[in-house]
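Notes follow once the structure below has been shown.
The values are calculated or read from the model by the stated rules, or taken from the named source; none is laboratory data. What you see is a predicted model; the values in this text were computed from it and never measured. Please note: Cβ atoms are built from the backbone with ideal geometry, for glycine as well, and neighbour counts cover all protein chains shown.
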Amino acid sequence: MKDKVIIKNASEVVTCTGFKEKKGEAMKDIGVIYNASIIIENEIIKAVGATEEILKDIDESQYEVISAEGKTILPGFVDPHTHFIFGGYRAEEFSWRLKGDSYMSIMERGGGIVNTVKSTREATEEELYALGKERLNSMLEFGVTTVEGKSGYGLDLETELKQLKVMERLNKDHEIDVVSTFLGAHATPAEYKGRTEEYVEFIINEVLPKVKDNAEFCDVFCEKNVFSIEQSRRILKAAKSLGMKLKLHADEIVQLGGAELSAELSAISADHLLQASDEGIGAMAKAGVVATLLPCTAFSLRESFARGREMIDKGCAVALATDFNPGSCFTNSIPLLFALSCLQMNLTIEESITALTINAAAAIHRAESIGSIDVGKKADMVMLKYPSYKFIPYNIGVNTVEKVIKKGRIVYSKA
Ligand code: NIG
Ligand code: FE
């Protein structure tokens, strides 16, 4: 295999050009180049532009040439919010929700997250690794080349570390890059029932110092009857003082002020935001916190969607993620995510693409190295079956990805 690659003659290359998050208006600029080619050397993008210009002085025999005739090339998709390492499933809870139970009432009865905690504690590291690998394979078929994964189904030091260790191993072994987040404050575990304050102290004093080198981010499920604003602030401040970057499950079910808190703490992203207040949205736009929206979860829980359109109009940088997890949202479907973004949150196709590429990269602090087809970035890309990016949401719910290129190599090809 040659370490020099040309992707030749794409009908469209959607560059999503940029090295930081795109806010508001800027989200519509996706930098399409028609009849375009890309040169890759040593896993890095060397040139991108109109084919005649780019290949003018190039000796193609020195390159491996991948034909993209009649196809669209986009940056590899980034899924910046998932919980993909878990044991067991919760199909039963899904069926209860269809009959009228709510997500929070199931959680309050001792189901929900702590149900998955039990099966994740019971699973061996090897079992979790095998499951994780299978799930990453499925993500890759949808064009995902980088994923964020959270712990939070251990809620004790040992199991949280087991989850983080599995993600670290998968990051090394699998084509998809995995970015790890510590989510010890995902729920109060059974052994601390009724003693959430003590659990918060345990996280801050016993767990954070021991996981800080195993996860880049710290996240908290800030929600009524889960972790309060004040508890979330304490945990996140402690994480920040240990050098971790911050994320927040914010204002999902009840408007608590999580969006405002994310701005106050200069979090990299705040996620969910179905109930975010106008002030919170304004504060996030001002502070440059990426608003990571998870419409598959709202759909699955039959909640109203986040105000994505308004967030963009108010100057926010919006990202999209699947939130793949065994409870609130058991899907890693990128086509469903796109459909909901365009048809239910009223983002344009261009804004949705920005939200799943450069802004999703920004949501995991990677906008300088991935998320766009720019010279100097990692050569992570998807090739669509069709000649235009517009086919992604138009082909509702269907996977239009034909090939996935990771660091310049084809790592998935549709049979
Ligand atoms: O992002 N909302 C909290 N956490 C996850 C759900 C986790 C679960 O139900 O297992 C979420 O939706
Ligand atoms: Fe989540």
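Taken over region 83-108, the criterion of being of a type in the set (Val, Ile, Thr) and assigned to a helix (DSSP H, G or I) is satisfied by Ile106 alone.
Among the numbered conditions (1) touching a residue at least 60 places away in the same chain (Cβ under 8 Å); (2) buried (at least 22 other Cβ atoms within 10 Å of the Cβ); (3) among the small types (Gly, Ala, Ser), the only one that Gly376 does not meet is (2). Looking at region 137-163, which of the residues that are among the hydrophobic types (A, V, I, L, M, F, W, C) and surrounded by 23 or more Cβ atoms within 10 Å (Cβ to Cβ) is nearest to Cys222 (Cα to Cα)? Only one residue tops the list, namely Leu155. If only residues of region 320-349 that are of a type in the set (Gly, Ala, Ser) and within 14 Å of ligand 1 (Cβ to nearest atom) are counted, the one that is surrounded by the most Cβ atoms within 10 Å (Cβ to Cβ) is Ala321. Residues in region 7-15: is at least one in contact (Cβ under 8 Å) with a residue 60 or more places away in the chain, among the charged types (D, E, K, R) and touching a helix residue (DSSP H, G or I) at 6+ places or on another chain (Cβ under 6 Å)? No, region 7-15 contains no residue that is in contact (Cβ under 8 Å) with a residue 60 or more places away in the chain, among the charged types (D, E, K, R) and touching a helix residue (DSSP H, G or I) at 6+ places or on another chain (Cβ under 6 Å). For region 237-253, state whether one or more residues are in a helix (DSSP H, G or I), within 16 Å of ligand 2 (Cβ to nearest atom), over 20 Å from Met107 (Cα atoms) and touching a strand residue (DSSP E or B) at 6+ places or on another chain (Cβ under 8 Å). No, region 237-253 has no match at all. For region 58-98, filtered to residues that are under 30 Å from Leu170 (Cβ atoms) and acidic (Asp, Glu), the residue that is surrounded by the most Cβ atoms within 10 Å (Cβ to Cβ) is Asp79. Pairing residues of region 195-219 that are touching a residue at least 60 places away in the same chain (Cβ under 8 Å) and assigned to a strand (DSSP E or B) with residues that are of a type in the set (Phe, Trp, Tyr) and within 16 Å of ligand 2 (Cβ to nearest atom), at Cβ distances under 8 Å and at least 6 apart in sequence or on separate chains, gives Phe217/Phe182; Asp219/Phe182. Filtering region 122-180 to residues that are in contact with a helix residue (DSSP H, G or I) (Cβ under 6 Å, 6 or more places away or on another chain), of a type in the set (Ser, Thr, Tyr) and in a helix (DSSP H, G or I) leaves Tyr129, Thr159. Within region 269-289, residues that are more than 10 Å from Leu248 (Cβ to Cβ) and away from ligand 1 (no atom under 16 Å from the Cβ) sit with their Cβ atoms under 9 Å from residues that are outside any helix (DSSP H, G or I) and of a type in the set (Asp, Glu), at 6+ positions apart or across chains, in these pairs: Ser277/Asp251; Gly280/Asp251; Gly288/Glu21. Residues in region 332-345 that are more than 20 Å from Glu21 (Cα to Cα) and either small (Gly, Ala, Ser) or not in a helix (DSSP H, G or I) (or both): Asn332, Ser333, Ala339, Gln344. Restricting Ser262, Ser266, Ser304 to those that are at pLDDT 95 or above, surrounded by fewer than 18 Cβ atoms within 10 Å (Cβ to Cβ) and over 26 Å from Ser95 (Cα atoms) reduces the list to Ser266.
Residues checked against (1) touching a Gly at 6+ places or on another chain (Cβ under 8 Å); (2) of a type in the set (Val, Ile, Thr); (3) touching a residue at least 12 places away in the same chain (Cβ under 8 Å); (4) over 26 Å from Gly376 (Cβ atoms):
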position	(1), (2), (3), (4)
Ile54	no, yes, yes, no
Ile58	no, yes, yes, no
Val65	no, yes, yes, no
Arg90	yes, no, yes, yes
Met107	no, no, yes, yes
Asn115	yes, no, yes, yes
Glu122	yes, no, yes, yes
Tyr129	no, no, yes, yes
Gly143	yes, no, yes, no
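Scanning region 6-21 for residues that are out of contact with any Ser or Thr (no Cβ under 7 Å at 6 or more places or on another chain) and surrounded by fewer than 24 Cβ atoms within 10 Å (Cβ to Cβ) gives Phe19, Lys20. Total residues in region 177-194 satisfying the condition of being without any contact (Cβ under 8 Å) to a residue 40 or more places away in the chain and either of a type in the set (Lys, Arg) or surrounded by fewer than 19 Cβ atoms within 10 Å (Cβ to Cβ) (or both): the figure is 4. Among the residues making up region 271-315, those that are assigned to a helix (DSSP H, G or I) and within 16 Å of ligand 2 (Cβ to nearest atom) are Pro295, Cys296, Thr297, Ala298, Phe299, Ser300, Leu301.
Just one residue in the set Asp213, Asp219 is surrounded by 24 or more Cβ atoms within 10 Å (Cβ to Cβ) and among the charged types (D, E, K, R); that residue is Asp219. Select from region 361-411 the residues that are of a type in the set (Phe, Trp, Tyr) and in a helix (DSSP H, G or I) and write down the one among them that is nearest to Lys8 (Cα to Cα). Checked region 361-411; the qualifying residue nearest to Lys8 (Cα to Cα) is Phe391.
All conditions in (1) surrounded by 22 or more Cβ atoms within 10 Å (Cβ to Cβ); (2) closer than 30 Å to Phe182 by Cα; (3) hydrophobic (A, V, I, L, M, F, W, C); (4) touching a strand residue (DSSP E or B) at 6+ places or on another chain (Cβ under 7 Å) hold for Met383, with the sole exception of (2).
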